[in-house]
1. If you take mean projected area of the Cα convex hull in nm² from the coordinates, which of (i) 24.6; (ii) 20.1; (iii) 18.1 do you get?
2. Would you mind putting 8-17, 231-240 in packing order, based on average other-beta-carbon counts within 10 Å, highest first?
3. Mean Kyte-Doolittle of at least -1.0 and a Cα length of 18 Å or more along the axis: which whole DSSP H helices of the chain meet both?
4. Hey, any idea what % of the chain's accessible area is carbon plus sulfur with a 1.4 Å probe?
5. Assuming a ≥ b ≥ c are the square roots of the Cα gyration tensor eigenvalues, decide whether the range 240-302 counts as rounded (a/c under 1.5), prolate (otherwise, with a/b larger than b/c) or oblate.
6. Using all Cα-Cα distances in the range 1-152, what percent lands in each 10 angstrom bin from 0 up to the longest?
7. Taking the solvent-accessible surface of protein heavy atoms with a 1.4 Å probe, what is the per residue accessible area of the chain in Å²?
8. Whole-Å semi-axes of the range 216-328's equivalent ellipsoid, largest first, each the root of 5 times a Cα gyration tensor eigenvalue?
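The values are calculated or read from the model by the stated rules, or taken from the named source; none is laboratory data. On a predicted model such as this, the values are computed, not experimentally measured, just so you know. With ideal geometry, Cβ positions are generated from the backbone for all residues, glycine too; neighbour counts draw on all protein chains shown. Calculation scope for accessible area: heavy atoms of the full protein, side chains included, ligands and nucleic acids excluded. Shrake-Rupley method; radii C 1.70, N 1.55, O 1.52, S 1.80 Å.
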Amino acid sequence: MSAAPTLAPRQGLAYGLLGLPLAFVMLPLYVVLPNHYANAFAMPLATLGAVLLGARLLDAAIDPLLGRWSDRLFARSLRAVWAVAAVSALVLAAGLVALFYPPPTGPQGLAVWALVCLLISYIAFSQLSISHQAWGARLGGDELHRGRIVAWREACGLAGVVLASVLPGLFGLPTMLAVFAVALALGWLTWTRAPRPAARHALSVSSTSLWHPWRCAQFRRLLAVFMLSGIASSVPATLVLFFVQDRLRATPMQEPLFLATYFVCAALSIPLWLRLVARWGLARTWLAGMLLSVAVFANVAALGAGDIAAFVAVCSLSGVARGADLAL
């Protein structure tokens with residue numbers, strides 16, 4: 001019997017560090033960008049919502065094709081995976097800068113610019129994320145080993161989200177974009193020194209239809225849960241800065257407090273949720289996290305101007321509930 005593979009901290013960090021900028025970039029795209037376009041460029045919220053929805057729908061349609069392309073890259077060579085990932089990283093960084101600093105144009109031109117830049121950024125992000133996650137899956141090993149691989153990636157991702165939550169409010173957009181670019185370059189560089197998938201884990205490119213997973217009823221049910229959970233988290237993420245500015249009348253210096261509290265509490269709660277799994281089981285524990293999120297977030301409707309401490313409490317408990325999603 002062969003010994004179980006080991007993962008030294010240096011190896012885990014080499015693979016997982018790219019998770020930091022990949023998680024980092026989602027907060028500017030989901031949270032900061034809508035508020036920035038509404039305040040800096042007076043884009044109507046209806047137009048902004050249509051642009052964001054259109055870009056995400058197009059991205060969702062393209063993602064399966066990117067997954068198939070990733071399979072072909074792995075079948076070719078690991079160098080091909082790294083090379084395409086490097087190009088995707090450059091495109092992602094350029095797309096993010098272009099989004100936050102559009103050229104002078106009219107309302108229609110601004111909407112088109114935002115849609116095109118968002119689509120380019122989403123595609124680059126998806127390609128990079130799919131390849132990075134597929135790399136970790138192809139490292140193989142038992143459940144404990146695979147859990148450690150994911151833990152390194154998710155831990156770095158949480159660090160990235162917390163960093164992204166405080167940089168825009170405290171240091172401004174230029175600093176945020178600069179830190180993201182540096183983190184993305186370092187993440188890609190360390191990835192090239194990460195453990196490499198063994199040949200026996202290099203999956204062949206399948207000719208199976210892209211629609212094949214939909215034939216599985218369990219997959220359809222799980223995907224429905226993910227879709228509803230994603231909507232439930234994405235809508236507040238897009239609106240949170242509007243809420244704290246227009247409803248709570250919070251100051252710009254208070255905005256990072258809410259975001260950082262949410263993500264730090266999510267990170268700290270993960271060990272708790274993992275312990276509850278042993279007692280309640282996976283599905284019941286996940287459901288408990290969802291019910292906690294609903295119960296806590298329902299109180300937001302009663303908050304008004306000056307209720308800063310109450311909203312921090314909501315962010316704390318909502319973050320704990322988010323920890324269930326991250327862990328399970």
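1. The calculated read-out lines up with (iii).
2. Working: 8-17: 17.5, 231-240: 15.2.
Final packing ranking: 8-17, 231-240.
3. Working: long enough: 45-76 (45 Å, 0.71); 78-100 (33 Å, 2.20); 107-138 (46 Å, 0.88); 143-171 (40 Å, 0.83); 173-191 (27 Å, 1.79); 217-242 (39 Å, 1.38); 255-280 (37 Å, 1.18); 282-297 (23 Å, 1.65); 308-327 (28 Å, 1.52).
What comes out of the filter, once short or polar helices are dropped, is 45-76, 78-100, 107-138, 143-171, 173-191, 217-242, 255-280, 282-297, 308-327.
4. Details: 11860 of 17110 Å².
Summing carbon and sulfur atoms, their accessible area is 69 percent of the total for the chain.
5. Numbers: a/c = 4.95, a/b = 2.04, b/c = 2.43.
It comes out oblate by the Cα gyration axes.
6. The percentages, shortest bin first, are 10, 34, 29, 17, 8, 2, 0.
7. Details: 17110 Å² over 328 residues.
With all protein chains present, the chain gives 52 Å² per residue.
8. The equivalent ellipsoid of the range 216-328 has semi-axes of 28, 16, 11 Å.
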